[in-house]
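**Q** Input: one structure, supplied below.
The values are calculated or read from the model by the stated rules, or taken from the named source; none is laboratory data. Predicted model only: the values in this text are computed from it and were never measured. Quick reminder, even Gly has a Cβ in these numbers, built from the backbone with ideal geometry, and neighbours come from all protein chains shown.
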Amino acid sequence: MTLVVDGLGKDYPTRSGPLVVLREISLTLRPGDALAIMGPSGSGKSTLLHILGTLDSPTRGRVTLQGVDPFALSHRELATFRNRHIGFVFQDHHLLPQCNVLENVLVPTLVSDRAPADNERRARLLLERVGLAQRLEHRPAELSGGERQRVALARALILQPLLVLADEPTGNLDADNAATVADLLWELHCQENNILIVVTHSWEVARRFPRQAELRQGTLHDVSYAPKNIP
């Protein structure tokens, strides 16, 4: 049950020739591992995350999760694989405005083969973990920015994915809410024992992780930001 990235590269065609965004990225992560990726705007952080999440495909190299190459799957198989094994948290929460908190968390389960009662039980448990047990019937417009992002965390974890990808999850939040969401992201990762990769511009977020890397000129470099101890 590992994520293996081997020689990953991504180019985009331009009139003057290929624009190389990612080059020769290799890494291996196992359940319980957590990696924070930093780097300047335009360095390819989101592109890398989108490829790992199978939302984009690499130009070269290989990605396997649980021994499966998702890019060798059919479109339908890939959609099922992504839904079952990968959870996403984006900078913008992407909650459905017409649905309440509980319904938003349950959205990924609509194509799940797990019993609806089990899904709802887990959704309520996750919302209790993120401190929103009293907000189940509220719609996104009735929540603060920090609360919306906490709903997004619960939604990302509803199907117990092996891989959780977070792209600037605190980028739209004030300092207090950002700290709360970052702490919850780390705590839930420890409880769920998944593989967590977070892209962030925040050193405060990166310091929470035992492994940190910086993306520079398309290449990933291990760095250290003095991890912060969190109970």
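So that you can scan it fast, the table gives a plain yes or no per residue for (1) under 21 Å from Gln191 (Cβ atoms); (2) modelled with pLDDT of 95 or more; (3) aromatic (Phe, Trp, Tyr); (4) within 19 Å of the chain's Cα centre (by Cα):
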site	(1), (2), (3), (4)
Leu3	yes, yes, no, yes
Leu48	no, yes, no, yes
Gln66	yes, no, no, yes
Val101	yes, yes, no, no
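**Q** Starting from residues that are assigned to a strand (DSSP E or B) and hydroxyl-bearing (Ser, Thr, Tyr), keep the ones in the range 7-42 and report whichever is farthest from Gln217 (Cα to Cα).
**A** Among those residues, the one meeting the criterion is Thr28.
**Q** Does Val151 count as of a type in the set (Val, Ile, Thr), in contact with a strand residue (DSSP E or B) (Cβ under 8 Å, 6 or more places away or on another chain), in contact (Cβ under 8 Å) with a residue 40 or more places away in the chain and under 23 Å from Ser46 (Cβ atoms)? Even if it seems obvious, please write down each step before you answer.
**A** Details: of a type in the set (Val, Ile, Thr): yes; in contact with a strand residue (DSSP E or B) (Cβ under 8 Å, 6 or more places away or on another chain): no; in contact (Cβ under 8 Å) with a residue 40 or more places away in the chain: yes; under 23 Å from Ser46 (Cβ atoms): yes.
It is false that Val151 is of a type in the set (Val, Ile, Thr), in contact with a strand residue (DSSP E or B) (Cβ under 8 Å, 6 or more places away or on another chain), in contact (Cβ under 8 Å) with a residue 40 or more places away in the chain and under 23 Å from Ser46 (Cβ atoms).
**Q** Please find, among Asp113, Asp118, the residue that is in a helix (DSSP H, G or I) and more than 19 Å from Val89 (Cβ to Cβ).
**A** Asp118
**Q** Same structure, new question: For the range 133-231, list the helices (runs of 4 or more DSSP H) that sit wholly inside it and hold at least 2 residues that are loosely packed, with under 14 Cβ neighbours inside 10 Å; which are they? Give the steps one after another, and end with the answer.
**A** On the way: elements: 145-157, 175-192, 203-206.
Output list reads 175-192.
**Q** Need pairs with beta-carbon distance below 8 Å; first residue on the phi < 0 side of the Ramachandran plot and within the range 50-73, second part of a helix (DSSP H, G or I) and aliphatic (A, V, I, L, M); sequence gap 6+ or separate chains.
**A** Close Cβ pairs satisfying both conditions: Ser57/Ile51; Pro58/Ile51; Val63/Ile51; Val63/Leu52; Pro70/Leu78; Phe71/Leu78.
**Q** Right, next: For Arg139, all conditions in the list (1) more than 17 Å from Arg155 (Cα to Cα); (2) of a type outside the set (A, V, I, L, M); (3) more than 17 Å from the chain's Cα centre (by Cα) hold save one; what is the number of the exception?
**A** So the condition that Arg139 fails would be (1).
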